[in-house]
Amino acid sequence: MCGEFIFIVFLWRKMGIVLEVCNLVKKYNGNVAVDKISFDIEDGEIFSLLGPNGAGKTTTISILSTLLTPTEGSATIFGYSLTKQPMEVKKLIGVVPQEIALYDDLSALENLNFWGEMYGLTGKALKTRVSEVLEQIGLTDRAKDRVKTYSGGMKRRVNIGVGLLHKPRLLFMDEPTVGIDPQSRRAILDSVKALNTAGMTILYTTHYMEEAQELSDRVGIIDHGKLIALGTQAELTAQVGEMDTLILHVGENEDPEHLAQGLRTVQGVFQANPSDHEVALVTPSAEEVLAPVVSRANELGIKIHSVDIREPNLEAVFLHLTGRALRD
Ligand code: ATP
């Protein structure tokens, strides 16, 4: 379908596709940050772009929210061309950027009023909408306190509120839980689900596998600017086949690289990938390799503190496709 622009404009309603991205490329001074990405999002979906830092998630979102111009490629949002009809696109999308864009000396109420006016809301409509949004983000009680007195999680919630003010139909959220405590993260994930249940289509970027797994109808895995896998979680984990992931935790003074190297020759170990204080193994049977793995570690003089066996998940898919752990 990619490339059949006129056809899409004509049929997007019928087909339920609200966003179509076609061979999108972004180069910064000749360096490729986004490399021929194509995907679409259906009405009512939560679609996650999952990838490590620097994979190209923010650049993709910035292009789709009309903040950056693509070097090549095209996208349509609700049938409107991103580059030819940006004003129409802007009316239909909401953006929650990674960087918090709030005035610290103003309250949440004042920040939302300010941004609401920027969106053209005035008078009673503005007042009503701001109080609805404050409810949605759970900050009605603290609405009049200055933002500088808020926790990181509360600031992130106001940031989300700004993106919701003009009742967008498609919301872009760029890593909205980075750098916040677990409780605030929980509140944000729950509000993402609530917004989706209320009918909002969401494009969510994250480098946390657990978030993509919990929220998404479909996931696109992005690495070095390329979309390397796309599908439902069941479709993606099926790519790993019947592989298990075995995580070996080692002490702070041990060398995971040395352990990984030693384990690669153990029969049944398909991959051994070191990261901070652990080695992730990909194997058809965690149970069968466990004893020989522990014995090889002993031979190497490396003590394994604990072991986790994980069923195929998105982390295993990433490992399988790239040979690296997501957080590396
Ligand atoms: P992060 O979570 O770290 O923001 P990301 O997946 O969002 O990661 P991007 O921020 O889109 O990734 O970055 C993709 C690549 O483009 C990286 O190599 C980054 O260094 C580079 N890049 C991003 N912005 C610019 C810029 N303004 N100028 C030059 N290079 C850039």
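Here are the numbers:
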{"quantity": "Charge dipole (debye, nearest 20) of the chain; +1 at Cβ of Lys and Arg, -1 at Cβ of Asp and Glu", "calculated": "1520"}
{"quantity": "Whether region 56-124 is rounded, prolate or oblate, judged on the alpha carbon gyration tensor where a/c under 1.5 counts as rounded", "calculated": "oblate"}
{"quantity": "Surface share of carbon and sulfur [accessible, 1.4 angstrom probe, percent] for region 244-328", "calculated": "46"}
{"quantity": "Computed [θ] at 222 nm, deg cm²/dmol, the chain (DSSP H ≥ 4; -39,500 (n - 2.57); rounded to nearest 500)", "calculated": "-11500 deg cm²/dmol"}
{"quantity": "Gaussian network model of the chain, springs between alpha carbon atoms under 10 Å - residue of Gly56, Gly161, Gly301 with greatest fluctuation", "calculated": "Gly301"}
{"quantity": "Positive-end residue, the chain charge dipole about Cα centroid, Cβ charges, pick of Gly94, Leu319, Phe47", "calculated": "Gly94"}
{"quantity": "The chain: angle of helix 152-164 to the longest principal axis, Cα-based, in degrees nearest 10", "calculated": "50"}
{"quantity": "Partners for Lys193 among lysines (Cα-Cα distance below 28 Å; same-chain residues under 8 apart left out)", "calculated": "Lys14, Lys57, Lys90, Lys91, Lys127, Lys144, Lys148, Lys155, Lys167, Lys226"}
{"quantity": "Dipole magnitude of region 1-159, debye to nearest 20 (Cβ charges: Lys/Arg +1, Asp/Glu -1, about Cα centre)", "calculated": "300"}
{"quantity": "Carbon plus sulfur fraction of accessible area for region 30-187, probe 1.4 Å, in percent", "calculated": "50"}
{"quantity": "Between 0 and 90°, nearest 10: helix 108-118 axis offset from the chain longest Cα axis", "calculated": "60"}
{"quantity": "Shape call, region 91-188: gyration tensor on alpha carbons, a/c limit 1.5", "calculated": "oblate"}
{"quantity": "Prolate/oblate/rounded call for region 181-314, Cα gyration tensor, a/c under 1.5 rounded", "calculated": "prolate"}
{"quantity": "Which of Glu88, Glu45 is most accessible, then next, and so on - probe 1.4 Å", "calculated": "Glu88, Glu45"}
{"quantity": "Listed residues Leu236, Leu263, Leu64, most fluctuating in the chain (Gaussian network, C-alpha, under 10 Å)", "calculated": "Leu263"}
{"quantity": "Aspartates and glutamates with Cα under 17 Å of Lys124, excluding same-chain neighbours fewer than 8 positions away", "calculated": "Glu110, Glu132, Glu135"}
{"quantity": "Sorted largest first, extent of region 213-285 alpha carbons per principal axis (Å)", "calculated": "40, 25, 23"}
{"quantity": "Arg185 - accessible surface, heavy atoms, 1.4 Å probe, Å² rounded to 10", "calculated": "60"}
{"quantity": "Region 207-328, dipole about Cα centre (Lys/Arg Cβ +1, Asp/Glu Cβ -1), debye to the nearest 20", "calculated": "360"}
{"quantity": "Cα pair distances of the chain binned at 20 Å [whole percent]", "calculated": "29, 50, 20, 1"}
{"quantity": "Dipole axis of the chain (+1 Lys, Arg; -1 Asp, Glu on Cβ), positive-most option in Tyr80, His224, Leu203", "calculated": "Tyr80"}
{"quantity": "Volume of the Cα convex hull of region 282-328, divided per residue and given in Å³", "calculated": "99"}
{"quantity": "With DNA, RNA and ligands ignored, accessible area of Asp145 (1.4 Å probe; Å², nearest 10)", "calculated": "60"}
{"quantity": "On Cα atoms only, tilt of 182-197 relative to the major axis of the chain in degrees", "calculated": "60"}
{"quantity": "Surface accessible to a 1.4 Å probe, per residue, for the residues of the chain, Å²", "calculated": "47"}
{"quantity": "Nonlocal amide H pairs with Gln271, under 5 Å, H built at 1.01 Å", "calculated": "Val282"}
{"quantity": "Within the chain, percent of DSSP bridges classed antiparallel, to nearest 5", "calculated": "70"}
{"quantity": "Heavy atoms of Glu252 accessible to a 1.4 Å probe, total area in Å² rounded to 10", "calculated": "150"}
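The values are calculated or read from the model by the stated rules, or taken from the named source; none is laboratory data. Remember, it's a predicted structure, so these values are computed and weren't measured experimentally. In this analysis, Cβ positions are derived from the backbone assuming ideal geometry, glycine residues included, and neighbour counts consider all displayed protein chains. Surface accessibility is based on the protein's heavy atoms, side chains included, excluding ligands, DNA and RNA. Shrake-Rupley method; radii C 1.70, N 1.55, O 1.52, S 1.80 Å.
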